[in-house]
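Asks: Can you keep this structure in mind? I'll have questions shortly.
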Amino acid sequence: MAASTFNRTPISTLEFPRFQSIGAGFFLLGVFATFFGLGWDVQWHSDVGPDTFWTLPHSILYFGAALSGFACLTVVLISSFASREIRKLPGMIPILGGMFYAPIGFIVGGFGAAGFLSFGLFDQYWHGLFGFDVSISSPPHMGLIFSYIMAVSGCVLVFIQGRETKTLSFVIATALALGFTLPFVQMNLSEFNLEIGLFLFPALFLPLGMLFVASVTRQPWMLFVMTLVFASFRYLCWFVFPIITSGYAGFLGLSLRDQPSGIPTIPYLMPMLLPLAGLISGGILVFAKSRGWRVIPSVLLAGGLAAPFFYIDLLLGQFVQSFPTGLVGVALLGALGAWLGWQLGVVARHANRELEQIQGVQS
Amino acid sequence: MKWLTRVLIVVLVFLGNLSFAEEIIKHRETVQVGPYQLEVGFSQYPVRAERSLDITFTPVDGIQGLSGTTKFKLANSKISIDQDLVRFTKNRSIWGYDLISIPKKGTWNLEFTINGKQGKGVGNLKLEVLERPAGPSVALTQPLGLIPILAVLILATRAWWRVRPTRHAEANGW
């Protein structure tokens with residue numbers, strides 16, 4: 001049975017109890033701080049270089065992880081032990097045989113943040129053996145990156161409770177998840193000489209994220225809003241990283257390298273034309289719905305037509321020039337990513353069976 | 001807000017006093033590069049594969065008016081690392097590479113080419129690079145880093161299996 005409240009639903013339908021609302025706010029702030037710190041750290045190494053554990057970018061990224069972890073832990077503890085009524089709130093799931101209760105997003109996020117801090121310690125041990133890092137793909141770095149992906153995935157889930165969402169926060173968290181995952185996984189793959197990731201990942205993962213947003217919120221224009229948020233993070237980093245890098249270097253009495261890359265690395269790997277792709281995808285979905293088109297073909301079309309737009313700018317434009325027929329493969333990957341994202345949206349809305357009963361949805 | 005301001009001042013003063021001074025050069029070699037005499041300094045010595053270090057290059061008469069390149073080549077292999085000589089970030093009056101590592105053990109030939117008023121000069125230095133530091137192997141520890149992403153994938157797969165979205169009415173509905 002098709003849900004038909006697509007346009008009449010208010011933007012946000014989810015109300016948190018106060019402790020969850022505060023916890024979710026700090027969690028989101030924490031994952032943003034870690035994203036910002038990690039991106040700046042890459043810029044610092046690229047343009048200036050010297051490393052200690054206590055650089056400002058390191059301090060920000062670990063502060064972010066600690067804040068995320070603390071927010072998640074606090075919510076889990078309050079959910080588990082404050083009162084029996086809280087345990088019965090919608091979205092609470094038992095952990096360790098009912099010893100703890102918490103919403104799934106805070107559990108996943110808490111483990112992600114704890115993993116991040118643990119791999120941070122492992123990184124310090126690694127530095128002791130091999131010196132400060134010359135690559136981003138060392139084992140502890142891989143752990144840091146994947147722990148962050150776990151944490152930010154938890155943050156996305158925090159704002160979904162069955163069919164209800166805190167939509168704007170969910171959209172911001174999803175944009176952060178994509179904005180981090182895409183560049184850092186691409187950088188890792190290129191260090192393993194798997195540059196193909198530079199070309200495949202945007203086509204697969206951006207439509208996945210875009211259609212996930214449309215599927216979870218059931219509001220197709222939210223897909224476009226998410227791409228705008230993604231682009232705003234991209235431009236924020238693009239303009240701010242070079243300024244604060246040279247400013248911080250000057251503050252420490254250091255100067256930029258003779259041959260700095262001249263390019264903010266992380267935002268460079270975030271396609272700047274994503275909002276254009278979002279406009280096209282969102283437009284296709286709205287049009288298809290108004291005409292009563294079948295959903296899955298429309299989703300495939302929305303992903304397939306959007307994906308080539310990621311490849312127009314900068315580095316990726318070279319790919320198009322040298323391999324134009326590759327755009328067909330890009331479109332196919334985009335369609336696949338969109339399909340996965342749409343289905344995962346359905347999974348996120350219906351995975352909690354108790355919520356299904358409370359919200360009266362037939363599986 | 002006073003306490004917050006105080007904390008921020010303490011943090012900024014601490015972070016502003018970080019020591020990025022040139023690492024102590026533990027070993028120096030002198031190389032004749034055509035008409036130029038070049039002192040090569042290593043912050044770690046003996047040099048070990050995969051262990052990061054700073055390498056400095058100091059022409060006796062300074063770097064003013066000079067430019068150059070380096071070619072680090074591993075004997076009996078195709079591995080070669082070519083770079084320009086650039087000013088050292090921790091001491092702008094000399095050349096240097098900060099935080100680099102030599103990828104493999106063995107005998108490396110460090111070839112220097114310097115151009116300046118006295119013409120072009122080429123010189124070589126043999127460098128024995130020892131085994132990587134004793135520690136966990138990358139092959140064994142790399143999978144540890146994959147645990148968080150595996151956890152996410154398992155969670156997503158489990159939820160997918162529970163919902164079976166392709167059969168769910170909502171997947172085909174607006």
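Just so it is clear, none of the values below were taken in a lab; they were calculated from the coordinates. All of these numbers come straight from a predicted model, not from anything done at the bench. Every residue, glycine among them, receives a Cβ derived from its backbone with ideal geometry; neighbour counts consider all protein chains shown.
Asks: Please report the relative contact order for chain A, taking Cα pairs under 8 Å with a sequence separation of at least 6, and give it as a percent rounded to a whole number.
Replies: Once normalised by length, the contact order is 19 percent.
Asks: Which value, in Å to one decimal place, does the Kirkwood hydrodynamic radius take for segment A:204-363 when every pair of different Cα atoms is included?
Replies: Numbers: mean 1/r = 0.0570 Å⁻¹.
Its Kirkwood hydrodynamic radius stands at 17.5 Å.
Asks: Pick out, in residue order, every one of the trypsin sites (Lys or Arg not before Pro) in segment A:208-315 that is DSSP loop and has at most 16 other C-beta atoms within 10 Å; say none if there are none. Intermediate results must be reported in sequence, preceding the final value.
Replies: Numbers: sites: A:Arg218, A:Arg234, A:Arg257, A:Lys289, A:Arg291, A:Arg294; in loops: A:Arg218, A:Arg257, A:Arg294.
Loop-located and lightly packed - A:Arg294.
Asks: Still on this model: Averaged over B:136-144, how many beta carbons belonging to a partner chain fall within 10 Å of each residue's beta carbon?
Replies: So the per-residue partner count for this stretch is 4.
Asks: Let me ask something additional. When each pair of different Cα atoms in segment A:7-116 is counted once in the 1/r mean, what is the Kirkwood radius in angstroms, to one decimal? Display every interim value, and only then the final one.
Replies: Details: mean 1/r = 0.0646 Å⁻¹.
Hydrodynamic radius (Kirkwood, Cα pairs) of segment A:7-116 is 15.5 Å.
Asks: So for the protein assembly as shown, considering every pair of alpha-carbon atoms, how many percent are separated by more than 30 Å?
Replies: On the way: 79862 of 143916 pairs.
I get 55 percent for the Cα pairs in the protein assembly as shown exceeding 30 Å.
Asks: Now a separate question. Assuming 0.36 nm per residue, please report the length gained on full extension of the stretch B:Tyr45 to B:Ser93 beyond their Cα-Cα distance. Provide the component values of the computation, followed by the final result.
Replies: On the way: separation 48, 0.36 × 48 = 17.28 nm, distance 2.28 nm.
Length difference between fully extended and current span is 15.0 nm.
Asks: For segment B:87-162, which trypsin sites (Lys or Arg not before Pro) are both in a DSSP coil and crowded by at most 10 other Cβ atoms within 10 Å?
Replies: Sites meeting the loop and neighbour criteria: B:Lys117.
Asks: At each listed q (0.24, 0.30, 0.33 Å⁻¹), what is the log10 of I(q)/I(0) that the Debye formula gives for segment B:133-174 modelled as equal alpha-carbon point scatterers?
Replies: The computed values of log10 I(q)/I(0) come out as -0.82, -0.95, -1.02.
Asks: Another question, if that's okay. Give me, ordered by chain and number, the residues 5 or more places off B:Gln118 or on other chains with an amide H under 5 Å from its own placed amide H.
Replies: Answer set, sorted by chain and number: none.
Asks: Considering only C-alpha atoms, what is the centroid distance from segment A:65-138 to segment B:109-147, in Å?
Replies: One Cα centre to the other: 38 Å.
Asks: Still on this model: Limiting things to C-alpha atoms, what are the Rg and the maximum Cα-Cα separation (Dmax) for segment B:23-129, in angstroms?
Replies: 13.1, 37
Asks: Quantify how strongly other chains surround peptide A:120-133 by giving the mean number of their Cβ atoms within 10 Å of each of its Cβ atoms.
Replies: Rounded to a whole number, the mean comes out at 4.
Asks: Sticking with this one: Scan segment A:147-221 for GluC sites (Glu not before Pro) in coil per DSSP, keeping those whose Cβ has at most 14 other Cβ atoms within 10 Å, and list them by number. Don't skip to the end; give the middle numbers.
Replies: Working: sites: A:Glu164, A:Glu191, A:Glu195; in loops: A:Glu195.
Counting only loop positions with at most 14 other Cβ atoms within 10 Å, the GluC sites (Glu not before Pro) in segment A:147-221 are A:Glu195.
Asks: Continuing with this model, one more query. Rounded, prolate or oblate: pick one for segment B:24-78, where a ≥ b ≥ c are the square roots of the eigenvalues of its C-alpha gyration tensor, a/c under 1.5 means rounded, and failing that, prolate if a/b is larger than b/c, else oblate.
Replies: Oblate is the answer for segment B:24-78, as a/c is 1.5 or above yet b/c matches or exceeds a/b.
Asks: Okay, moving on. What's the tally of Lys pairs in segment B:60-128 whose alpha-carbon atoms lie under 16 angstrom apart, where the two lysines are 8 or more places apart or on different chains?
Replies: The number of close lysine pairs in segment B:60-128 is 10.
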